[in-house]
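See structure below.
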Amino acid sequence: MDSRIVDHLERDYQKPIRDPLWKHIYVSEPIQRLLDTPACRQLSRIKQLGPAYLVYPGATHTRLSHSLGVFDIARRMIRRLLVVDPNLDVSLEGVKAFLVAALLHDLGHFPYTHSFKELALKEHEVLTAELVQSEPVVSVIRESVHADPAMVAAIVDTTLPAAEGSEVAFFRAILSGTLDPDKLDYLNRDAYFCGVPYGVQDIDFILSRLQTSGRNGIALEASGISAVESILFAKYLMYRAVYWHRTVRVATAMIKKAVHLALREGVIQPSDLYGLDDDLFFVQFAQREYPVFDLIRRVYNRRLHQPVYEVAFDPANPIHAAVTDLSVRAELEARIAARLDGAHAASVPPEAVIIDVPENISFEVHLPVVHDGKALDYPMSDTVFTTGVIGDFTRTLRRLRLVVAPEIAAEVRNPEALLAC
């Protein structure tokens, strides 16, 4: 074990930051300088759960508080791995880069959480990598933290090259996987601020059962299988009760449609969306005269569209499969609006009709589980969460919904037939 790494982890992080979830998160002076950069401060103005506060008023916690939680768990996690594997082949510079990556992993995140998913935009990890390698963040990483900004960027952004078995690949596997610090923080934090019990995880127990899998990332002792089961079921329940709550889905779909149509019609460019926080997003778009931006104002004022039809998403259904494409979806929405226009006293604009189709999600389960010195992939271990059960999770969660402006909801007749028009 490199004694410099242990000294760094145990001695350099002495500045406490109070956190309602983890109580105290300890940072170093260089990490504090990173937190003081404009890009990090902007994370304090982006809600972690976007429009979920419309349902759960306590859900106003920010990307910054989440990022600090991820950093704290990442530091505890690497310390645990060094204890169980003193010969772990990592460098001090690599550990520093990993901790900075954990702290800054959401630096390029958009406002309103997942409203921008499926749009033709850069992934937030790509934007994060760009910010990490731009001033003033790049200088703080290089000159204060004494880490390599390029390595930090490569750990976060998996589109950047990293050789198999390299230190970057190792830290990527820890930062994003079945038992990653990101998931361990957001499940607990989101549950705490929403006031629901579903996401709570026993972090101390989970960390105590971690082992290394060489340069492939982490492994889990067989006695920790219940920890993964808890995480998988917690994620399922959080999606069911919070992330994909019907009202949250409606608000998310309204924001997505406004931005999609504005991009398609050239009213805005992708670059207009980069570097925004919640308030800047509202100021720049909701106050403009473009008619579709009324959807953003409606979300802000909680004047939401109303669901008039919903059904379990069926990928074998040709209509369901077709509307996973945003352009096809927009064309069908326009046809439905035109059909409703004939039955309604006033004209029905295209933005009055929205089809919401949640994206396909994955429940990561591929993790080595050590039984009597032999590693098995998690689904092959002694668990009820087989690959088939995990597939059932996704199928249960996804619901296709037709939602319309409240002023025309009463006029909708036979909504299932409308989807086939």
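The values are calculated or read from the model by the stated rules, or taken from the named source; none is laboratory data. Note that the structure is a prediction, hence the values are computed from the model and not measured. Every residue, glycine as well, gets a Cβ built from its backbone with ideal geometry; the counts of neighbours run over all protein chains shown.
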Hey, among the residues in the stretch 399-414 that are surrounded by 19 or more Cβ atoms within 10 Å (Cβ to Cβ) and under 32 Å from the mean Cα position of the chain (by Cα), which one's nearest to E221 (Cα to Cα)? L400
Here is a list of conditions, (1) over 24 Å from A322 (Cβ atoms); (2) assigned to a helix (DSSP H, G or I); (3) not aromatic (F, W, Y), and A417 meets all of them except one; can you say which number that is? (1)
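Which one of V140, V168, V152 is assigned by TED's automatic domain parsing to the domain that holds I25, over 30 Å from G50 (Cα atoms), in contact with a helix residue (DSSP H, G or I) (Cβ under 9 Å, 6 or more places away or on another chain) and among the hydrophobic types (A, V, I, L, M, F, W, C)? Break it down into steps so the answer makes sense when it comes.
Values: V140 fails: over 30 Å from G50 (Cα atoms); V152 fails: over 30 Å from G50 (Cα atoms).
On inspection, the qualifying residue turns out to be V168.
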Filter the stretch 202-220 for residues that are of a type in the set (A, V, I, L, M), part of a helix (DSSP H, G or I) and under 23 Å from D372 (Cβ atoms) and give the result. I206, L207
Pick from the stretch 44-83, criterion under 17 Å from the mean Cα position of the chain (by Cα), of a type outside the set (A, V, I, L, M, F, W, C) and not in a helix (DSSP H, G or I), ranking: surrounded by the most Cβ atoms within 10 Å (Cβ to Cβ): Q48
Could you please let me know if N301 is without any contact (Cβ under 8 Å) to a residue 12 or more places away in the chain, closer than 20 Å to R398 by Cα and polar (S, T, N, Q)? no
Could you list, in sequence order, all residues of the stretch 24-55 that are touching a strand residue (DSSP E or B) at 6+ places or on another chain (Cβ under 9 Å) and of a type outside the set (A, V, I, L, M, F, W, C)? H24, Y26, S28, E29, Q32, S44, R45, K47, Q48, Y53
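Might you check whether a residue that is of a type in the set (S, T, Y) and farther than 28 Å from K96 by Cβ occurs anywhere in the stretch 197-209?
Within the stretch 197-209, the subset of a type in the set (S, T, Y) is 198, 208.
Add one more test, that the residue is farther than 28 Å from K96 by Cβ, and what stays is 198.
Yes: the stretch 197-209 contains one or more residues that are of a type in the set (S, T, Y) and farther than 28 Å from K96 by Cβ.
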Looking at (1) at negative phi; (2) out of contact with any Leu (no Cβ under 8 Å at 6 or more places or on another chain); (3) of a type outside the set (F, W, Y), find the lone condition where G373 falls short. (1)
In the stretch 366-421, anything basic (K, R) and at pLDDT below 90 is listed as K374, R395, R413
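Only helices (runs of 4 or more DSSP H) wholly contained in the stretch 221-300 count here; list those with 3 or more residues that are crowded, with 18+ Cβ neighbours inside 10 Å.
Values: elements: 225-238, 246-264, 278-281, 294-300.
The helices (runs of 4 or more DSSP H) meeting that bar are 225-238, 246-264, 294-300.
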Looking at D72, D106 in this structure, which one is touching a residue at least 24 places away in the same chain (Cβ under 8 Å) and over 28 Å from S271 (Cβ atoms)? D72
